[in-house]
Structures are given as structure tokens and as C-alpha cells.
1. Just to check your reading of the model, which residue among Glu91, Glu68 is touching a Gly at 6+ places or on another chain (Cβ under 7 Å), within 30 Å of Gln314 (Cβ to Cβ) and of a type in the set (Asp, Glu)?
2. Restricting the search to the range 213-244, which residues are open to solvent by 10 Å² or more (accessible area, probe 1.4 Å), within 12 Å of the ligand (Cβ to nearest atom) and under 12 Å from Thr281 (Cβ atoms)?
3. Any residue in the range 222-246 that's closer than 16 Å to Leu29 by Cβ: show its pairings with residues that are within 16 Å of the ligand (Cβ to nearest atom) and assigned to a helix (DSSP H, G or I) at Cβ separation under 6 Å, as long as the two are six or more apart or on different chains.
4. Please go through the range 57-67 and give me each residue that is crowded, with 20+ Cβ neighbours inside 10 Å and closer than 17 Å to Gly95 by Cα, ordered by number.
5. Select from the range 222-243 the residues that are touching a strand residue (DSSP E or B) at 6+ places or on another chain (Cβ under 7 Å) and part of a loop (DSSP other than H, G, I, E, B) and write down the one among them that is farthest from Ala270 (Cα to Cα).
6. Does His201 satisfy the condition of being open to solvent by 60 Å² or more (accessible area, probe 1.4 Å) and either closer than 30 Å to Asp264 by Cβ or touching a residue at least 60 places away in the same chain (Cβ under 8 Å) (or both)?
7. Output the residue which, of all residues in the range 138-182 that are more than 16 Å from the ligand (Cβ to nearest atom) and without any contact (Cβ under 8 Å) to a residue 60 or more places away in the chain, is surrounded by the most Cβ atoms within 10 Å (Cβ to Cβ).
8. I'm checking my understanding of the structure. Among residues of the range 32-49 that are over 17 Å from Asp213 (Cα atoms) and of a type in the set (Gly, Ala, Ser), which one is surrounded by the most Cβ atoms within 10 Å (Cβ to Cβ)?
Amino acid sequence: MPNTATAIDPRVTYTNMHPPRHDLVAEVLGGFSQPQKTLSPKFFYDEQGSQLFEAITEQPEYYPTRSERMVLRNKAGEIADHLGPDATLIEPGCGSCEKVRLLLDALQPAHYLAMDISADFLLNSAGEVAQAFPDLDIQAVCADFSQLDQLPVPDSSGRRVVFFPGSTLGNFSPAMAQRFLSAVRHLVGDDGGLLIGVDRHKDTRILDAAYNDQAGVTAAFNLNALTHLNRILPADFDTNRFSHRAFYNTDARRVEMHLRSECDQMVHCAGEAITFREGETIHSENSYKYTHDQFDRLARTTGFRVESEWSDAQSLFSVYFCRAAPV
Ligand code: AVI
């Protein structure tokens, strides 16, 4: 049963949906037992990893955050026309709520539902939004993406619109992306919409550079996943014996990140001995890039119709408004 309580900021209503806990040890060992060892990208995001991600977004080669911010700032008025009056804006995985703050003056929604898996982070971010927009009704919901169908969405006469910026969709496999957008379509209903940031398929050199910044911040972010495992499993990875690899796989249209073992070695993870051959990799992230047609097809198959697309001056990144279509 969800708990409803008043959060630190009295203007924010807080609901804890108790997101399901996963067996992290089983998940990591399961990934390491595959012929191609894999590790979920969620292990990037401990405190250090979140700071490194913020630093990535400031690297000259990493364009997605800058490009999306520019679009949201410049097109907020046009986006507001698509939302209509009294909208309920729902943001799954809202994090710092930094992007929505670029829109709220123009959008003037009746309600903002901020959802995140990290309760502390969520309450802090929602409190900051409440301070900046004191007249906005704010619901903070601690939940994960599997709980979209149970969100306590306030009643309103306006449209429900899910805001999903940051090209987070790119970190989902095609099957996951389809499941996620279908759940979003169910959540927003027949009159609803989706405002989403999607990174575009483009020249390999631009993508390779974006995930191999000169300053080595993306490398540190990738390697930090091993330091994180050392703490939580525990494990004894020596990060000097692994290196960062990232490249655009043009056939699959995704940037792949890997951690390459620099020698034959054995690592202990939660009491299990895991062997690595020199050159063997742990596949730690996929970041899918979409052509317009590919995204259009995904939207259609999940019950949406692309109504508008906005892009930055160099056409690197797209923000789409999709309207619910009959299913
Ligand atoms: C969070 N996500 C959209 C980022 C991306 O570009 O796929 C994560 C990232 N990985 C390396 N750099 C940034």
C-alpha cells in the first residue's frame, strides 16, 4: 500500500510506492556468467557516478544535454500550445527536475507529478521546484518504472502528459522501449501526450567523440561502476586493470560502452571467483540513437502519433511531442 505523507516542503505531497528491491548480487553474477559479460548501467549511479555524469554533460564533446536544454528553452511556448490548459505533467525518473524547470513558466500545468526511485533526491528536487513555483500543485512519488500503472495521478480537467527528457529512452533495449512507451500510453489515456527527448542517429565520429571525451570523464564514469561493485557486493576489482571502451555500433544504431580487461585476471565478486581473459569485456551500457522514421514507428506501435519535432541548430538531438492515437 502506498504511504502518503507530507514531505519536508509542505507544498509537496509525498507518496512512497515502495519500489521493489532487486537481488543485486544475483543480478551482477547473472550478468557475469553470460558469454559476453554484462553489467546493468544502473550500477553507474552511486554518488560519485552521479557527479561524474553531471561532469559528462559539461564536456564539449557531449552534446545531448546542451542541445536538449537549448530546445526546451527556445520552444517552451510552442510546447505549451500542445499541452493545453490545466495539464498534469508527469515526469518518470525526474532526478534533479532541472529540465522541467525550463518549461514550467510557459507550460503552467495544474499539477506536476515528479517520480523517482531515490526518495531523498526526489524530496530535495521537488522541494526546490516548490520554492521556485509556489503556486504549482506538486506530487512527489517514490516509485520505479514498473509502477507507472499505479501512480496516484491527481484528477484534473486537463490533459495528462508524460515528460521523459535526457534521451533516457536510448538506454532501453528496443523491447524495453516498446514496453515503457506502451505503459506511458496507458497512463496518459486517450487524450494524453508524451514530450520526450531522443538522441539522433548521426555521423559515427560525433558519437564516438561524445562517449570518449578528451578529459577522460566518461572513462572515469564507466570505471566507477567497478568501484561501486567493490563497495556493495563486495568485490575486489582493480580499476587499473580495466579500461574504458566506447564506440558506435552502426548496425544496431547504438553506442556501446565496455570495460576491457587489460590482462588475464581473477576477480572476487560476492565470494565468487570470476575470471577475465586479456581483451575480454564487460558490456556496461547501450545508448540507442534513433532516426526520425525509427522513432515515428516506435511511437505508432505504442499508440502515439508524432505531432511536432524540434531540434537544435545542428540537428543533433530531437524533442518530440506525441499525441495519444486510437489503439
Ligand atoms: C543517461 N544516458 C542518457 C546517458 C547516455 O548518453 O546514454 C548516459 C551516458 N553514458 C555515457 N555518457 C553518458
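1. On the way: Glu91 fails: touching a Gly at 6+ places or on another chain (Cβ under 7 Å).
Within the list Glu91, Glu68, the selection yields Glu68.
2. The answer is His244, and nothing else.
3. The qualifying pairs are Ala225/Phe43; Ala225/Phe44; His228/Phe43; Phe237/Leu226.
4. Scanning the range 57-67 gives Pro64, Thr65.
5. Looking only at the range 222-243, we keep the residues that are touching a strand residue (DSSP E or B) at 6+ places or on another chain (Cβ under 7 Å), and these are 222-223, 225-226, 229, 233, 235-237, 241-243.
From what's left, part of a loop (DSSP other than H, G, I, E, B): 233, 236-237.
Numbers: Leu233: 5, Asp236: 9, Phe237: 11 Å.
In this case the residue turns out to be Phe237.
6. Numbers: open to solvent by 60 Å² or more (accessible area, probe 1.4 Å): yes; either closer than 30 Å to Asp264 by Cβ or touching a residue at least 60 places away in the same chain (Cβ under 8 Å) (or both): yes.
Yes, satisfied.
7. Filtering the range 138-182 for residues that are more than 16 Å from the ligand (Cβ to nearest atom) and without any contact (Cβ under 8 Å) to a residue 60 or more places away in the chain, the one surrounded by the most Cβ atoms within 10 Å (Cβ to Cβ) comes out as Leu148.
8. Ser40
The values are calculated or read from the model by the stated rules, or taken from the named source; none is laboratory data. Since the model is a prediction, treat every value here as computed from it, not as a measurement. Cβ sites come from the backbone with ideal geometry, for glycine too, and all protein chains shown count toward neighbours. Side chains included, ligands, DNA and RNA excluded: accessible areas come from the protein's heavy atoms. Shrake-Rupley method; radii C 1.70, N 1.55, O 1.52, S 1.80 Å.
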